[in-house]
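A.B. asks: Here it is, the structure in full.
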Amino acid sequence: MFTEKAKKHADACRFCWMCRHLCPVQLATGKETNTPRAKGLLVSMFNRGLPMDEGAARIMYECLLCGACTDDCVTGFEPPLFIREARMKAVAEGVAPAYATKLIDTLVETGNLYGAKEVRAHLDGVPETGDTLVWLGATARYSTPEVADALLSILKKAGVDFAVLKDEPPSGGALGDLTGYIEDVRVQARQAAEAIARTGARRLIVLDSYDAALFLHEYRDWGVTLPETVTATAFVDGLIREGKLTPRKEALTVTYHDGSRLARDLDEHRPARDILAAMGCAVVEMFQNRRLARCCGSAVMGRALPQLHARIARGRWEDAQRTGANVLVAACPQSTEALAATVPQGYTYQDLFVMLDGRV
């Protein structure tokens, strides 16, 4: 059931063990089965006839698909590729963990991981058609509405005319993380693109970095057409550069968390730091930053394995504490969901857009 590409990647590990020091799940649990190497060995065994059972399937779901294991691998080892396919196999063979199948059912029934039917972000009076469409993503719409509200407030203050879909369809990202990139995910992608096209938008501003990475990579690979697409961080940074936003400067020392999809998948590191600088903030970098940043969690992990999710987020807070800064900032709704729920005593978490909205 694995593609030839996935098989080759599963066998590509040279057992140097370097990626075990970068995997946030293994660092949180200390379990050998949570190393990318172990997952590759399991897939190789499946390819040689070992049946997948529920225990093996659970191991494949104990992964953030953050790409830390891939980024600095000299052999081209790419575990997320075969882990997605292993999840596809687990679902197809009926051995996926109960929490995964429950989430898949929730996604199919409600269109989001949260099972929510009412949007918590404030969209009253915002048009649904126009040249510029803001794509908020499910986490900002249902779990961290303060992030969505802050971005929309910033755009209004900058004089940007924009639209937001009241009923934003799923992008396919969450389903793809749970089941692999099966045809149902491509169907969601095409439906999302059709909904975007109906707005008449020529530019798409994407708040959630997980959606942005999917739009800019997989959608293109699948032949799904979108308007010009830009991350919210890059767009807002451009507004400041153009003089359409002038943040009030307040001296503050912070450390910044690079979300994995933004930093690794999209190779975007500068805009958020430039926005912080424009607010007068001095950034003290964590040891693992930019492309090497340690993932703090994801919405899928938060719904599937909440206790593990919290341990992973606390691990990132430990990295932040070593910098000496008391304020941690991030720029993705899914990072905000993870980090804001695990703030250590004496420290503060700030979403970048919420922070900026209070200073313009």
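The values are calculated or read from the model by the stated rules, or taken from the named source; none is laboratory data. Just so we're clear, the structure is a prediction, and the values are computed from it rather than from any experiment. No Cβ is skipped: glycine too gets one built from the backbone with ideal geometry, and neighbour counts run over all protein chains shown.
A.B. asks: Report whether or not ALA278 is within 28 Å of ALA174 (Cα to Cα), modelled with pLDDT of 95 or more and either in contact with a helix residue (DSSP H, G or I) (Cβ under 7 Å, 6 or more places away or on another chain) or in the same structural domain as GLY67 (by TED's automatic domain parsing) (or both). Don't jump to the end; show me each part of the working.
C.D. replies: Working: within 28 Å of ALA174 (Cα to Cα): no; modelled with pLDDT of 95 or more: yes; either in contact with a helix residue (DSSP H, G or I) (Cβ under 7 Å, 6 or more places away or on another chain) or in the same structural domain as GLY67 (by TED's automatic domain parsing) (or both): yes.
No: the conditions fail for ALA278.
A.B. asks: Taking only segment 130-163 into account, find how many residues are in contact with a Lys or Arg (Cβ under 8 Å, 6 or more places away or on another chain) and not β-branched (Val, Ile, Thr).
C.D. replies: Within segment 130-163, residues that are in contact with a Lys or Arg (Cβ under 8 Å, 6 or more places away or on another chain) and not β-branched (Val, Ile, Thr) number 9.
A.B. asks: Right, something else. Within segment 119-177, how many residues are over 20 Å from ARG190 (Cα atoms), among the β-branched types (Val, Ile, Thr) and either at pLDDT below 95 or out of contact with any Pro (no Cβ under 7 Å at 6 or more places or on another chain) (or both)?
C.D. replies: 4
A.B. asks: Which of (1) out of contact with any Phe, Trp or Tyr (no Cβ under 8 Å at 6 or more places or on another chain); (2) surrounded by 17 or more Cβ atoms within 10 Å (Cβ to Cβ) does ALA282 not meet, given it meets every other one?
C.D. replies: (2)
A.B. asks: Does ARG248 count as under 30 Å from MET60 (Cβ atoms) and surrounded by fewer than 19 Cβ atoms within 10 Å (Cβ to Cβ)?
C.D. replies: Details: under 30 Å from MET60 (Cβ atoms): no; surrounded by fewer than 19 Cβ atoms within 10 Å (Cβ to Cβ): yes.
No, not satisfied.
A.B. asks: Suppose the filter is closer than 24 Å to VAL300 by Cα, touching a residue at least 12 places away in the same chain (Cβ under 8 Å), surrounded by 19 or more Cβ atoms within 10 Å (Cβ to Cβ) and small (Gly, Ala, Ser); does ALA38 pass it? Walk me through it before giving the result.
C.D. replies: Working: closer than 24 Å to VAL300 by Cα: yes; touching a residue at least 12 places away in the same chain (Cβ under 8 Å): yes; surrounded by 19 or more Cβ atoms within 10 Å (Cβ to Cβ): no; small (Gly, Ala, Ser): yes.
It is false that ALA38 is closer than 24 Å to VAL300 by Cα, touching a residue at least 12 places away in the same chain (Cβ under 8 Å), surrounded by 19 or more Cβ atoms within 10 Å (Cβ to Cβ) and small (Gly, Ala, Ser).
A.B. asks: Can you name every one of the helices (runs of 4 or more DSSP H) wholly within segment 34-94 that holds 1 or more residues which are at negative phi and basic (Lys, Arg)? It would help to see each step written out before you state the result.
C.D. replies: Details: elements: 36-47, 54-61, 68-71, 79-92.
Answer list for segment 34-94: 36-47, 54-61, 79-92.
A.B. asks: While we're here: For segment 44-70, give me each residue that is within 21 Å of THR29 (Cα to Cα) and in contact with a Lys or Arg (Cβ under 9 Å, 6 or more places away or on another chain).
C.D. replies: The first filter runs over segment 44-70 and keeps only residues within 21 Å of THR29 (Cα to Cα), leaving 54-70.
Passing the criteria: ALA57, ILE59, MET60, TYR61, GLU62, CYS63, LEU65, CYS66, GLY67, ALA68, CYS69, THR70.
A.B. asks: On to the next question. On the given criteria, is ALA98 surrounded by fewer than 23 Cβ atoms within 10 Å (Cβ to Cβ), out of contact with any Gly (no Cβ under 8 Å at 6 or more places or on another chain), aliphatic (A, V, I, L, M) and over 30 Å from ARG359 (Cβ atoms)?
C.D. replies: yes
A.B. asks: With the condition kept exactly as written, say whether any residue in segment 50-70 is in contact with a Pro (Cβ under 9 Å, 6 or more places away or on another chain) and modelled with pLDDT under 90.
C.D. replies: Yes; the residues of segment 50-70 include at least one that is in contact with a Pro (Cβ under 9 Å, 6 or more places away or on another chain) and modelled with pLDDT under 90.
A.B. asks: Right, next: Go through segment 320-339 and count every residue that is assigned to a helix (DSSP H, G or I) and buried (at least 19 other Cβ atoms within 10 Å of the Cβ).
C.D. replies: Adding up the residues that qualify gives 8.
A.B. asks: Still on this structure: Of the residues LEU103, LEU133, which single one is over 18 Å from ILE182 (Cα atoms), buried (at least 21 other Cβ atoms within 10 Å of the Cβ) and hydrophobic (A, V, I, L, M, F, W, C)? Write out each step before concluding.
C.D. replies: Values: LEU103 fails: over 18 Å from ILE182 (Cα atoms).
Criteria check complete, one pass: LEU133.
A.B. asks: Of the residues SER143, SER153, SER171, only one is polar (S, T, N, Q) and within 29 Å of PHE2 (Cβ to Cβ); which? Quick ask: steps written out before the conclusion?
C.D. replies: On the way: SER143 fails: within 29 Å of PHE2 (Cβ to Cβ); SER153 fails: within 29 Å of PHE2 (Cβ to Cβ).
SER171 is the lone residue from the list that is polar (S, T, N, Q) and within 29 Å of PHE2 (Cβ to Cβ).
A.B. asks: Name the residue that is farthest from the chain's Cα centre (by Cα), counting only residues in segment 1-31 that are outside any loop (DSSP other than H, G, I, E, B) and modelled with pLDDT of 90 or more. Walk me through how you get there before you give the answer.
C.D. replies: Kept after step one, since they are outside any loop (DSSP other than H, G, I, E, B), are these residues of segment 1-31: 4-10, 18-21, 24-29.
Narrowing further to those that are modelled with pLDDT of 90 or more: 24-29.
Working: PRO24: 14, VAL25: 15, GLN26: 19, LEU27: 19, ALA28: 19, THR29: 21 Å.
Per the stated criteria, the residue is THR29.
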